[in-house]
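Since the structure comes first, as structure tokens, the remarks are kept for the end.
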Amino acid sequence: MAYSLLDSIHGIDDLKKLRINQLDQLAAEIRGFMIESVSNTGGHLASSLGAIELIIATHYVFDSPRDRIVFDVGHQSYAHKILTGRREQFALLRQEGGISGFPKREESEHDAFNTGHASTSISAALGMARARKLLNEEGSCVAFIGDGAMTGGLAMEAMDDIDDYELPLVLILNDNEMSIAPNVGAVNRRLTKLRTNKGYVRFKRCLVRTLDTSRGGKWLSRHMERTRDRVKRFIMPNLPFEDFGLIYLGPVDGHDIKKLIKMLRSAKELHKPVIVHARTIKGKGYSFSETNPERFHGIAPFSVMTGKVRTTGQMNCSEVFGKTMLEIAQRREDVVAITAAMPSGTGLSEFSERYPSRFFDVGIAEEHALTMAAGMATVGIRPVVAIYSSFLQRGYDELLHDICLQNLPVVVAVDRAGLVGEDGETHQGIFDPAFLITMPNLTVYSPATLEELSVMLNMAVDSGRPSAVRYNRGTLPSEKLSSPVAYGKWEIKLPIAEVTVVSTGTMLPIAHWVAKKHGVGLVHARFLSPLDREVLDEIQKKRSKVLVVEENVLALGGILAHELNPCRVRTLCLPNEPVTHACIDRQREWYGLTEKGIETALRELAVEE
């Protein structure tokens, strides 16, 4: 499709050649291109649609890469990628060999910082600004951050640390009243007051017009910031950002490019820490994403005409988790569900509707979610905290210090465990087993079927122990249990032999196929912790050579190499390196987690002495 303006944009210099009155048309063309492109590849559409005008205005005012622009999370950065010369690569967005769905420094000089998780941009931009001051470098540092990411403690810590009032640091608050789901909490309530206080905006305009009618008034308007701040506090007490030492500008319509450019120019010229508050609409310009921005936050390929995606009809792991939580809540009144701004993604939407008083969305605050759960557990509640594996990394200390060391009955539902595909290196759920299995008192469940997931979640809640239940993105096989799930017990699916495969979770079906084909033993490690000592003793008695197959970095294999000495133990797992974006099947091929890879590992193990 031809675009009269967009076709002429091959980089930032081309954008700056346009007149301001041409930029609305450019925004419309980017929006059309983005909808069409993401409908073919999938991606983070709603957040990117809502930030188009804001990104155009930012690049029009600032001079990237001299001015460093840092995106928080990066979900909203598609327009940035288009304007910085990567439009032609959108045909392979998030695909093997194509561009990432998130900013990546190795991809472009305009991507100042790799992102993928929330609340990091202010800290990173502050670090850049301080470093450039030490090096006597010129240029602004700009941090994009959403109102949802503002609920994260890291963002608050960064703002609390902005103590140099001469730093050219501009924070752009993209306020769409959403993170992935609608926002919650005190920060959101404060922003609502800022958005809706029309009295302050009218008073400010009237005051400026009055002062500008005289020479003395003009001087007062330009120079008496303290008077202005007192006026603000009189009308809007406890203005949050200026309490952090930031100059507050806004709110401004985040889809009015002319107003945005004017305000951003003012922010740039101040050469001080400034926050520009822009109100936007998530999913702007596409009716289906505006109506349902949560569903279009991260979406698979879809029909532009209907907004519908193709489905397999089979329940995925998150849906099974959500269904099981409803069943558990019905029989146990002491069970509550906790999420960190992801009720839909974790399968808890229906729970939140049916049991609103027992559902807690704490915002993008995984650390708080875990410690709050620990506090609830001390007074007789059974909390279940649903967190993606890659976000659980943020709560390492809380899980260890506040839950495991106190031996509290908190269940962590570790969603998106294992390879996640197109979201790439920042979202791979491959590191959590390596730290979970080292935590005292923690039971780690690893279901290989949807039925096991449901049974294990019930078992974890009823056990009264700290527990983690790991399950992958997408779905698992659905089949009747071949044997009952007993606490801490593994399942011998094929008799232990001279060579035995130990597998777990998503890798079990393919390991079973290969083991049966080659006549070797197969053990299903239903638990990563505790270990089944009886099965380990039997392996040692048989002097079996063991191949451990796991879809994560070295974890169970490392433990078994220690426990099964002098047996020969080899592990087929993921290396300790970033796993870039591609479909999951291709990612498994890269690292040998396939039928062919397991067969090769078995042959090599068989001849080892």
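The values are calculated or read from the model by the stated rules, or taken from the named source; none is laboratory data. These numbers were taken from a predicted model, which means no experiment stands behind them. Here Cβ is always computed from backbone atoms with ideal geometry, including for glycine, and neighbour counts include all displayed protein chains. For the accessible areas, the whole protein counts, side chains as well, though only heavy atoms, and no ligand, DNA or RNA atoms are used. Shrake-Rupley method; radii C 1.70, N 1.55, O 1.52, S 1.80 Å.
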> What nm distance separates the two modelled labels at R66 and K596, each placed 7 Å from Cα along Cα→Cβ?
Replying inline: 5.1
> How do R68, R94, R105, R354 rank by accessible surface area computed with a 1.4 Å probe, from largest to smallest?
Replying inline: R105, R354, R68, R94
> So what does L246 come to for accessible area, using a 1.4 Å probe and Å² rounded to 10?
Replying inline: 0
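Eigenvalues of the Cα gyration tensor times 5, then square-rooted: what semi-axes does that give for the range 343-401, in whole angstrom, largest first?
Equivalent ellipsoid of the range 343-401: 19, 16, 8 Å, largest first.
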> If r is the Cβ-Cβ distance from K258 to I381 and R0 is 41 Å, what FRET efficiency results, to the nearest 0.05?
Replying inline: 0.20
> Rounded, prolate or oblate: which fits the range 473-535 when a ≥ b ≥ c are the square roots of the eigenvalues of the alpha-carbon gyration tensor, with rounded for a/c under 1.5 and prolate only if a/b beats b/c?
Replying inline: oblate
>> Checking a compactness column here: for the range 424-474, what do you get for Rg(Cα) / (2.2 N^0.38 Å), N being the number of residues?
In response: 1.22
> Accessible area, 1.4 Å probe, largest first: how do K104, K259, K493 sort?
Replying inline: K259, K493, K104
> Roughly speaking, to the nearest percent, how much of the chain's 1.4 Å accessible area is carbon and sulfur?
Replying inline: 52
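Given a cut-off of under 8 Å on Cα pairs at least six residues apart, what relative contact order in percent is computed for the range 313-352?
52
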>> Could you work out the relative contact order of the chain? I mean the mean sequence separation of Cα pairs under 8 Å and 6+ apart, divided by the number of residues, in percent.
In response: 11
>> Given the DSSP H assignment, sum -39500 (n - 2.57) over each helix run of at least 4 residues in the chain and divide by its residue total; what's the result at 222 nm in deg cm²/dmol, nearest 500?
In response: -11500 deg cm²/dmol
> Cα-based Rg of the range 312-355 per 2.2 N^0.38 Å, rounded to two decimals?
Replying inline: 1.13
>> As a test, work out the antiparallel percent of DSSP beta bridges whose residues both lie in the chain, rounded to the nearest 5.
In response: 15
> Extension gain D14-A486, at 0.36 nm per residue separation less the Cα-Cα distance, in nm?
Replying inline: 163.4 nm
> How much solvent-accessible surface does D67 expose, in Å² to the nearest 10, with a 1.4 Å probe and all protein chains in place?
Replying inline: 0
> Which of rounded, prolate, oblate describes the range 407-508, given a ≥ b ≥ c as roots of the alpha-carbon gyration tensor eigenvalues and a/c under 1.5 marking rounded, otherwise prolate only if a/b is larger than b/c?
Replying inline: rounded
> Over the heavy atoms of T571, what accessible area does a 1.4 Å probe trace out, to the nearest 10 Å²?
Replying inline: 40
>> For a test of the definition: using alpha carbon positions, the gyration tensor, and the 1.5 limit on a/c, classify the chain as rounded, prolate or oblate.
In response: prolate
> Taking amide hydrogens as modeled 1.01 Å from N in the peptide plane, which residues meet the under 5 Å criterion relative to V336, leaving out close sequence neighbours?
Replying inline: R382, V384
>> What whole-number volume per residue, in cubic angstrom, does the convex hull of the C-alpha atoms of the range 253-386 give?
In response: 159
> Taking the C-alpha atoms of the range 487-609, how large are the radius of gyration and the largest Cα-Cα span, Dmax, in Å?
Replying inline: 13.6, 43
>> Take the residue pairs K284/K308; K104/K596; K17/K308 and return only those whose Cα atoms are more than 27 Å apart.
In response: K104/K596; K17/K308
> With a Cα-only, solvent-free Debye model of the range 319-432, what are the log10 I(q)/I(0) values at q = 0.09, 0.17, 0.24 Å⁻¹?
Replying inline: -0.22, -0.79, -1.40
> Along the range 85-91, what does the Karplus equation 6.51 cos²θ - 1.76 cosθ + 1.60 (θ = phi - 60°) give for ³J(HN,Hα), rounded to whole Hz, x for Gly and Pro?
Replying inline: x, 10, 4, 5, 8, 5, 5
> Kirkwood Rh, the range 533-586, all Cα pairs: how many Å?
Replying inline: 12.5
>> Just to verify a number: FRET efficiency for D7 and L134, C-beta to C-beta distance, R0 = 56 Å, to 0.05?
In response: 0.85
>> I'd like the per residue volume of the convex hull spanned by the Cα atoms of the range 3-157, given in cubic angstrom.
In response: 107
> Just by accessible area at a 1.4 angstrom probe, what is the order of R332, R130 from largest to smallest?
Replying inline: R130, R332
>> Over the Cα atoms of the range 84-144, each weighted equally, I'd like the Debye log10 I(q)/I(0) at q = 0.23 Å⁻¹, rounded to two decimals.
In response: -0.98
